[in-house]
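Trainee: The structure's right below; bear with me while I get my questions together.
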Amino acid sequence: MAILLIHGGAGAIAADVENDTVSGLQAACDAGAARLASGDAGEAALEAVTAMEADERAFNAGYGATPTREGTVELDAAVMHSDGSSGAVTLVRTTPFAARLAEVVRTRTPHVLLAAHGAEALVDDPVPNESLLTPRSRARWQAWRDAQTAPTGTGTVGAVALDDSGRLAAVTSTGGMLGKWSGRVGDTPILGAGTYADERVAVSCTGRGEAFMRAVTAKALADLVAAGVELEQAIREALDGVRRHGGEGGLIVVTADGRYGAGFNSASMAQGWRWKGQGDQRVSRAPGVWVRTSG
């Protein structure tokens, strides 16, 4: 029954990073699947996301995350399990591993969401904010500043998992939008918007965060599943809600009864999955929805 799905962002994923993106997806899928074989859903999803946070080549999380308009890095992440336990962080500047910091909030504090210095006080080995920038992310920021365009972004990373004991978990991590205002918070650390898990379903979203927050997308999808809507239709309706709020993007989902799938309505989406030694990872460029059933 154990299933792992991951995403590496939705939007306009550039062709020149596609090979790096697929390689990163494969490494993250392999890391998460190995943990799922010997651990639980939460550990597997966290392991997959951590692998993508550490990969500076293609993703917008951890090392190489997109800077704010001031040229600094501010990270968001969330972790949620099917038992309701959860943790989230936002505006983190001193570690590349925001998802693991969110896990610390889940397991070591009485709170759900900690911001900025409150979250950073839990970092064991803080690093300078400048170390999170890479030549690639600096170049992207410079090009954005020179062009004076609106904030943009792809490459949020996420994972959802179901383990053999029936436990579900969702983990999402992001650097947010390139050129965002300092202090901006997107959907990733907002439970029910960009990240959600309950006893029926686990969801991780990626895309225009403001629209996902207004649509409360992850919880909307969970409610549709709880109401008996078929998973493919539920994904379509959830993404339609994002569109109605002026946004686009994608999501991944796994259910307690072994259904799993993804959908996006943006130009492209990076995604991968593993089940019983089978799997795939790719940058998809044909918007739509797919759903499979284990067994």
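The values are calculated or read from the model by the stated rules, or taken from the named source; none is laboratory data. Bear in mind the structure is a predicted one, so any value in this text is a computation, not a measurement. Positions of Cβ are backbone-derived with ideal geometry, glycine not excepted, and every protein chain shown enters the neighbour counts.
Trainee: Kindly evaluate I3 against the criterion of being among the β-branched types (V, I, T), touching a Ser or Thr at 6+ places or on another chain (Cβ under 7 Å) and surrounded by fewer than 24 Cβ atoms within 10 Å (Cβ to Cβ).
Mentor: No; evaluated as a whole, the condition is false for this residue.
Trainee: To continue, here is another question. Could you give me the residue pairs with C-beta distances under 8 Å whose first residue belongs to region 49-64 and is under 13 Å from I6 (Cα atoms), whose second residue is among the basic types (K, R) and at pLDDT 95 or above wherever it lies, and which are 6+ apart or on separate chains?
Mentor: As it stands, the answer is T50/R100, since those pairs meet every condition given.
Trainee: Quick one: count up the residues across region 121-143 that are without any contact (Cβ under 8 Å) to a residue 40 or more places away in the chain and within 14 Å of T66 (Cβ to Cβ).
Mentor: Final tally of qualifying residues: 4.
Trainee: Across region 106-128, what is the total count of residues that are buried (at least 16 other Cβ atoms within 10 Å of the Cβ) and either basic (K, R) or closer than 12 Å to P189 by Cα (or both)?
Mentor: 5
Trainee: Turning to a different aspect of this structure: Please determine whether any residue of region 78-86 is surrounded by fewer than 19 Cβ atoms within 10 Å (Cβ to Cβ) and on the phi > 0 side of the Ramachandran plot.
Mentor: Checked against the condition, which is being surrounded by fewer than 19 Cβ atoms within 10 Å (Cβ to Cβ) and on the phi > 0 side of the Ramachandran plot, region 78-86 yields at least one hit.
Trainee: Scan region 1-29 for residues that are out of contact with any helix residue (DSSP H, G or I) (no Cβ under 7 Å at 6 or more places or on another chain), free of Cβ contacts under 8 Å to residues at least 40 places away in the same chain and assigned to a helix (DSSP H, G or I) and jot them down.
Mentor: Residues satisfying the conditions are A15, D16, N19, D20, S23.
Trainee: With the condition kept exactly as written, say whether any residue in region 47-58 is polar (S, T, N, Q), surrounded by fewer than 24 Cβ atoms within 10 Å (Cβ to Cβ) and over 17 Å from Y196 (Cβ atoms).
Mentor: no
Trainee: For region 190-295, which fully contained strands (runs of 3 or more DSSP E) count at least 1 residues that are free of Cβ contacts under 8 Å to residues at least 40 places away in the same chain and closer than 28 Å to V112 by Cβ?
Mentor: Those strands (runs of 3 or more DSSP E) span 259-264.
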